[in-house]
């Protein structure tokens with residue numbers, strides 16, 4: 001990052017100096033009485049706006065680079081060793097109201113809370129997301145094959161074309177959720193999973209175990 005910033009500074013200064021020298025040469029050619037004193041005054045007069053332009057340009061580029069670096073660092077940490085601040089790292093990854101969880105295979109997401117986000121894609125296969133809370137989110141194209149989601153809470157969220165194949169959902173709660181697609185839970189462990197006030201599209205509950213999950217005031221499944 002330091003090398004990049006240094007190179008950027010040299011580039012901007014070189015460009016500004018070149019523009020200033022070209023301006024002096026053009027005026028000297030066009031104006032017969034244009035002197036070195038005039039050139040000095042001209043440079044002094046233009047120095048302040050030029051410096052301001054440089055500071056603003058450098059600041060804007062620096063902020064963008066810092067944001068991108070934070071995002072890359074967050075992705076590296078989430079894909080690697082466990083972190084004490086995974087929720088903060090997810091905030092770094094989020095762009096506005098959108099959070100993409102692509103390539104989070106094996107990530108350490110235990111205990112995180114994601115609230116009010118649109119998740120257009122996600123791949124958390126094999127991740128540890130025990131006791132996570134997904135609240136008021138719009139989730140699509142999520143793959144959680146083999147993930148550990150024990151005691152997870154999914155509240156007031158919608159899921160489209162997603163999959164929890166072979167995941168461990170023991171003790172998880174789905175409350176006021178809408179699930180659309182087919183075959184969400186093939187091979188999943190669903191002991192004591194509760195679905196409360198949920199709605200299911202055709203085919204969502206294919207291959208759901210007959211023993212384990214409980215359905216309370218749900219549509220698209222038998223109530224329990």
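The values are calculated or read from the model by the stated rules, or taken from the named source; none is laboratory data. These figures come from a predicted structure and were not determined experimentally. Cβ atoms come from the backbone with ideal geometry, glycine included; neighbour counts cover every protein chain shown.
Here are a few things to note about the model shown:
- Residue match in segment 133-143 (condition: at pLDDT below 95, out of contact with any strand residue (DSSP E or B) (no Cβ under 6 Å at 6 or more places or on another chain) and over 21 Å from residue 96 (Cβ atoms)): no
- Here residue 206 qualifies as more than 25 Å from residue 102 (Cβ to Cβ) and out of contact with any helix residue (DSSP H, G or I) (no Cβ under 9 Å at 6 or more places or on another chain).
- Residue among 152, 107 that is touching a strand residue (DSSP E or B) at 6+ places or on another chain (Cβ under 9 Å) and farther than 21 Å from residue 215 by Cα: 107
- Where residue 154 falls short, out of the listed (1) more than 22 Å from residue 196 (Cβ to Cβ); (2) more than 17 Å from the chain's Cα centre (by Cα); (3) modelled with pLDDT of 70 or more: (1)
- Scanning segment 190-211 for residues that are surrounded by fewer than 20 Cβ atoms within 10 Å (Cβ to Cβ) and not in a loop (DSSP other than H, G, I, E, B) turns up 194, 196, 199.
- Among the criteria (1) within 18 Å of residue 124 (Cα to Cα); (2) at pLDDT 95 or above, the one residue 183 does not fulfil is (2).
- Inclusion of residue 114 among residues that are touching a strand residue (DSSP E or B) at 6+ places or on another chain (Cβ under 7 Å) and within 25 Å of residue 99 (Cα to Cα) is warranted.
- For segment 75-125, the set of residues classified as at pLDDT below 80, outside any loop (DSSP other than H, G, I, E, B) and either under 18 Å from residue 164 (Cα atoms) or in contact with a helix residue (DSSP H, G or I) (Cβ under 7 Å, 6 or more places away or on another chain) (or both) consists of 75, 77, 78, 86, 89, 92, 93, listed by residue number.
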